[in-house]
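Below is one structure, written out as structure tokens, with a few remarks after it.
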Amino acid sequence: MMKAAFFLTFFLSVVIYTTNGANRSTGDPAKTVTLGNRTLSLSLAYGNKASIVSLVVNGQKVISSEDGIFTSVNVGGTVYSSLHLQSAPVLTKSNHVIKVSGIQYGDSKVTIHEQWIFTTTDGSIDWVIERRCSEPLQVEASASPQFNFDDMNVWEGAYQGYGGLAWFYLFNEKLCTYGVHTMASSFWNSKSGNGLDITVAAPGKKVAMKYTRTAENRLAYAVTVADQEMLPRYDSGTNRRRFIRGRTDVWAPYTMTAGNSVQRIRISYFDVHKRYGRGKFTGIDGARVSAVLNTISRIGVIDSLHFGGNSWHTPYGPICLHEQYIAQLGLGIDDPAYLKGYQSCLDFYRDHAIKPDGRVFSRWAYTDEDMMPGQGNKEGFYEAQWGILMDANPDFVSNVAELYDLTGDKHWVSGQQGACERVLDWILKRDSNGNGLVEMMTDSEQQKRSSDWIDIIWASYENAFVNAKLYHALTKWAAIERQLANDDKAAYYEAFAGRLKTSFNKPTNDGGFWDEEHGCYVHWIDKDKSVHGRNMVTPVNFMAIAYGICDDGARKKRILDNIETQMQQEKLFFWPLAMTSYAPGEGSASQYPFPAYENGDLFLSWGSVGVKAYADYKPALAVQYVKNVLKQYSKDGLAFQRYGRLKQDGLGDDILSGNSLSIVGLYQAIYGINPRYNRLYLDPHITSELTGTVLRYNFRGDQLTISLDSNSYAVSNKLFRITAPKDFGFWATGDQLCYFDGSSSGCSLEVSSPGPLTIVVKEWGPGKMDWVQRIDKPLAKPLHYIIHQLKPRHDYLLSVNGKSVKKMRSDEKGDMVMDHPGLAGSVRMTLRTAGAGAE
């Protein structure tokens with residue numbers, strides 16, 4: 001009966017039928033066949049041409065033209081395509097398979113033979129293209145196939161297989177073209193909720209895709225399959241430009257080899273809201289949150305091996321390797337494809353962006369115009385013209401460490417170990433006086449060279465900006481060294497971080513960065529002991545707080561209160577790079593008078609550390625600045641490099657994915673979502689207006705639900721749920737659930753359950769552990785508990801529902817094992833110390 005029902009369903013959902021009629025455009029006899037399923041329908045014309053003339057996605061017609069989808073090659077400027085065949089093809093049908101053979105196009109010199117095979121299933125349409133080329137061809141361009149969508153507005157964008165985004169909002173003029181190396185594209189429209197997955201499998205071949213806004217305002221999407229990776233055509237001599245204007249030839253010519261090739265294209269529908277929906281937002285505009293994280297956060301991904309903060313749309317297409325938040329963006333993007341793609345990218349950077357001595361090139365770009373003369377390599381990595389930007393070294397390590405937390409992939413991070421050690425050791429050697437503060441390549445601001453992300457301010461010698469980033473990298477990486485069984489290296493990095501922190505916090509008259517007079521950490525100190533950047537440089541001060549360098553409550557309060565007082569006075573919607581002006585001579589002449597660019601404008605890329613700094617102190621203020629950014633997004637899409645201080649207007653064509661970082665900070669510091677290598681750590685700082693928020697979050701292939709209420713936080717998957725009144729960690733796999741108390745990296749309570757289970761933690765401490773187990777339906781087997789991190793060989797009293805049950809003893813590791821019946825209902829369990837009892 002079940003089999004009959006299945007086949008009936010399949011029969012009803014898969015449709016194939018043929019028609020004969022007149023071709024409206026040529027008058028030639030036309031034959032069409034329509035095939036599809038519940039959510040897809042396409043019409044194939046196979047008269048004197050072979051093309052798909054109609055594609056309907058979930059009831060929405062997205063292609064309706066004679067050249068809707070076809071194949072082609074461009075040889076010597078002549079385009080040969082399946083729209084103009086040398087003879088009529090032959091169509092055969094068998095159940096839900098359609099085969100079109102005899103597709104032949106070209107001329108006496110060029111001949112392409114193809115066979116198309118379509119297989120329709122309930123979930124997709126598979127299209128196999130078998131192509132034969134009789135002799136090698138020098139090809140200007142090829143499409144196998146090209147999709148011509150009816151309008152640029154059919155889709156908002158296309159997510160790439162590596163986690164990037166072709167965002168059509170940025171195709172702001174006709175003949176904009178963007179080319180990437182990927183095998184998958186997911187077109188989406190948040191308004192209709194319709195999505196279209198297109199994946200290409202071509203064993204032994206390389207796949208590239210390009211997107212063009214045509215002269216007719218259609219969206220042309222072309223797939224190229226070749227023996228070698230497609231090389232960008234522009235610019236001559238560098239060949240790195242992925243985005244071009246006024247043209248469609250983004251790829252350089254290549255040789256199409258003679259012989260046979262096969263590729264499979266899978267076309268399928270998806271529900272945008274089901275795949276990318278983020279849950280229920282309370283007290284904040286969830287639609288805008290989703291929009292920012294689904295678009296702005298991704299635009300710094302230029303191609304499959306090139307991730308950064310600057311958009312592929314930027315004229316010279318730079319990537320700044322001196323940005324520590326590229327992995328952190330993945331926390332908010334919440335897409336496994338981004339994380340996997342960034343792993344490949346960091347492997348590429350490891351192999352090509354690090355010099356033999358451990359120095360990390362600070363940038364990559366389409367062109368060499370920003371390069372320090374002679375300081376680059378053939379892959380396009382280089383030192384910037386403004387100076388040796390030292391933060392590239394710690395930022396490489398921070399991104400590796402942050403990405404490891406997001407993926408938990410120990411095998412991958414072990415492959416980065418040698419590189420990270422080399423990169424750290426290079427910069428740690430820059431501490432010539434042994435005070436824990438590394439020194440820049442310049443000794444004085446009078447040398448007019450920069451050393452960090454704020455690249456036309458002349459920070460020199462001992463730079464707080466770079467050292468704050470280094471502290472963050474050292475503390476993150478030392479923990480990984482311990483996991484990789486290198487305790488000596490871990491101890492070395494921890495000790496260095498300790499010296500750095502101590503010196504960092506000293507007053508400026510004692511060689512540190514704390515400026516008591518101005519109530520802030522300064523930007524840098526020259527070798528002659530002169531103090532510079534006393535103007536409350538916000539990234540320096542936010543990083544000092546957010547990264548745990550400043551743990552003096554009075555200092556934190558003074559910094560954050562002073563910033564907020566001035567913010568209110570000027571009515572700024574976001575924090576500027578500096579609250580007041582750099583002194584004359586501390587920056588390029590172009591930065592004066594104040595405010596100008598890096599001397600006082602608003603850069604949203606420092607939103608996550610700003611939100612983090614305020615979240616622990618006054619979370620309502622942090623939330624307010626998040627709302628300010630979302631409001632600005634509704635006005636202009638955040639499609640700018642920065643915002644001017646005086647008019648608070650968008651400036652600069654260098655669009656930054658960092659504009660989304662305050663929203664990432666909302667996820668990480670306010671909602672408290674912090675993936676760790678062995679758990680999801682939840683550490684919320686929500687305000688009363690955010691209570692009732694319920695988020696969906698992808699974690700290691702598991703769809704989690706995170707519920708946030710006042711002093712009650714919960715994480716659940718399909719089988720398990722943990723609720724607690726404070727921060728905790730969650731891990732579940734198979735029938736095993738682990739509760740991590742607070743920020744501990746070790747499991748505190750482990751339970752194996754054959755069915756759904758809720759654990760409500762009431763209290764957890766060294767002397768008392770109190771929790772409730774809830775089971776809706778009786779379980780087939782008892783629950784198996786292991787309580788960890790107890791005092792070794794110590795006696796404890798177990799109570800169930802307030803009644804003492806028995807005395808139990810922990811083992812030599814501090815573990816205790818017990819079983820409890822899997823009966824339906826709620827049971828309160830309490831474990832208390834029973835006195836000294838230790839041997």
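On a 0 to 90° scale, report how tilted helix 553-570 is relative to the longest principal axis of the chain, with both axes built from alpha carbons and the result rounded to the nearest 10.
The two axes meet at around 50 degrees.
Under the 0.36 nm per residue contour assumption, what length would be gained going from the current alpha-carbon distance of Phe348 and Lys205 to full extension?
On the way: separation 143, 0.36 × 143 = 51.48 nm, distance 2.00 nm.
Full extension of this stretch gives 49.5 nm more.
Give, rounded to the nearest 20 debye, the magnitude of the charge dipole that the chain has about its Cα centre when Lys and Arg contribute +1 at Cβ and Asp and Glu contribute -1 at Cβ. Mind showing how you got there, number by number?
Numbers: 88 positive and 88 negative charges, 529 e Å.
The calculated dipole for the chain is roughly 2540 debye.
Mind listing which trypsin sites (Lys or Arg not before Pro) in the stretch 366-450 are in a DSSP loop and have 14 or fewer other Cβ atoms within 10 Å?
Filter output for the stretch 366-450: Lys378, Lys429.
Calculate the FRET efficiency for Phe594 and Gln568 from the Cβ-Cβ distance with a Förster distance of 22 Å, rounded to the nearest 0.05. Walk me through the intermediate numbers first.
Values: r = 19 Å, r/R0 = 0.88.
Once the sixth-power term is evaluated, E becomes 0.70.
Would you mind checking the radius of gyration and Dmax of the stretch 597-729 based on alpha-carbon positions, in Å?
Rg, Dmax (Cα atoms, Å): 16.6, 53.
Computed FRET efficiency, Cβ-Cβ of Thr121 and Ser65, R0 22 Å: what is it to the nearest 0.05? Could the numbers behind the result be given before it?
Details: r = 26 Å, r/R0 = 1.19.
According to the calculation, E is roughly 0.25.
Per residue, how much accessible area does the stretch 174-249 show when a 1.4 Å probe rolls over the protein heavy atoms, in square angstrom?
Numbers: 2800 Å² over 76 residues.
For the stretch 174-249, the solvent-accessible area averages 37 Å² per residue.
With contacts defined as alpha carbon pairs under 8 Å and 6 or more residues apart, what's the relative contact order of the chain in percent?
Values: 2016 pairs, mean separation 57.5, N = 839.
Answer for the chain is 7 percent.
May I ask you to derive the FRET efficiency for Arg828 and Gln385 from their Cβ-Cβ distance with R0 = 56 Å, giving the value to the nearest 0.05? Write out the running numbers ahead of the final one.
Values: r = 67 Å, r/R0 = 1.19.
Approximately 0.25, to the nearest 0.05.
Please give the length that would be gained between Glu812 and Lys631 if that part of the chain were fully extended, namely 0.36 nm times their separation in residues minus their C-alpha to C-alpha distance (nm, one decimal).
Details: separation 181, 0.36 × 181 = 65.16 nm, distance 5.68 nm.
Computed gain between Glu812 and Lys631 is 59.5 nm.
Along the charge dipole of the stretch 271-323, Cβ charges K/R +1 and D/E -1, which of His273, Cys320, Asn294 sits furthest on the positive end?
His273
What Cys residues in the chain have no fellow cysteine's beta-carbon under 4.7 angstrom?
Cys133, Cys176, Cys320, Cys345, Cys420, Cys520, Cys550
Which whole-number value in Å² is the accessible area per residue of the stretch 664-753, probe 1.4 Å? All intermediate terms of the calculation are to be shown ahead of the outcome.
Working: 2820 Å² over 90 residues.
Roughly 31 Å² per residue, with all protein chains present.
Can you pull the one-decimal nm distance between simple spin-label points at Gln417 and Asp552, each 7 Å off the Cα toward Cβ?
3.9
Would the stretch 527-601 count as rounded, prolate or oblate if I go by the C-alpha gyration tensor, calling it rounded below 1.5 in a/c and otherwise prolate when a/b exceeds b/c, oblate otherwise? Each step should come with its number before you reach the end.
Values: a/c = 2.29, a/b = 1.24, b/c = 1.84.
Because a/c hits 1.5 or more and a/b fails to exceed b/c, the stretch 527-601 counts as oblate.
Please list, by residue number, every one of the trypsin sites (Lys or Arg not before Pro) in the stretch 67-175 that is coil in DSSP and has at most 13 other beta-carbon atoms within 10 Å.
Numbers: sites: Lys93, Lys99, Lys109, Arg131, Arg132, Lys174; in loops: Lys109, Lys174.
Answer in residue order: Lys109.
Compute the acute angle (0 to 90°) between the alpha-carbon long axis of helix 392-407 and the principal axis of greatest extent of the alpha-carbon atoms of the chain; round to the nearest 10°.
80
About the Cα centre of the stretch 266-385, what is the dipole size in debye to 20, counting +1 per Lys and Arg Cβ and -1 per Asp and Glu Cβ, all else neutral?
Numbers: 13 positive and 14 negative charges, 121 e Å.
Computed charge dipole of the stretch 266-385: roughly 580 debye.
I want to verify the translational diffusion coefficient of the stretch 312-434 in µm²/s; compute it with Stokes-Einstein, Rh as the Kirkwood radius over Cα pairs, at 37 °C and 0.692 mPa s. Walk me through the intermediate numbers first.
Numbers: Rh = 15.0 Å.
It diffuses with D of about 219 µm²/s by this estimate.
Only loop residues by DSSP count here, and only those with at most 11 other Cβ atoms within 10 Å; note down the trypsin sites (Lys or Arg not before Pro) in the stretch 759-839 that meet that. Could you put the intermediate results ahead of the total?
Numbers: sites: Lys762, Lys768, Arg774, Arg793, Lys803, Lys806, Lys807, Arg809, Lys813, Arg828, Arg832; in loops: Arg793, Lys813.
Hits after loop and neighbour filter: Lys813.
From the square roots a ≥ b ≥ c of the eigenvalues of the alpha-carbon gyration tensor of the chain, which class results: rounded (a/c under 1.5), prolate (a/b over b/c), or oblate?
Values: a/c = 2.11, a/b = 1.28, b/c = 1.64.
Oblate is the answer for the chain, as a/c is 1.5 or above yet b/c matches or exceeds a/b.
Rounded to the nearest 20 debye, what is the charge dipole size of the stretch 494-573 about its Cα centre when +1 sits on each Lys and Arg Cβ and -1 on each Asp and Glu Cβ? Present the calculation step by step, with values, prior to reporting the outcome.
On the way: 11 positive and 12 negative charges, 21 e Å.
Around 100 debye, computed over the stretch 494-573.
In degrees, nearest 10, range 0 to 90: what is the angle between the Cα axis of helix 619-636 and the longest Cα principal axis of the chain?
It is inclined by approximately 20 degrees.
Can you classify the stretch 362-490 as rounded, prolate or oblate using the Cα gyration tensor, where a ≥ b ≥ c are the square roots of its eigenvalues, rounded means a/c under 1.5, and otherwise it's prolate if a/b beats b/c and oblate if not? Let's see the in-between values first.
Values: a/c = 2.43, a/b = 1.42, b/c = 1.72.
Oblate, because a/c is 1.5 or more while a/b does not exceed b/c.
The values are calculated or read from the model by the stated rules, or taken from the named source; none is laboratory data. Note that the structure is predicted; figures quoted are calculated from it, not measured. Cβ atoms come from the backbone with ideal geometry, glycine included; neighbour counts cover every protein chain shown. The protein model used for the area step is the full one, side chains on, heavy atoms only, and it has no ligands, DNA or RNA in it. Shrake-Rupley method; radii C 1.70, N 1.55, O 1.52, S 1.80 Å.
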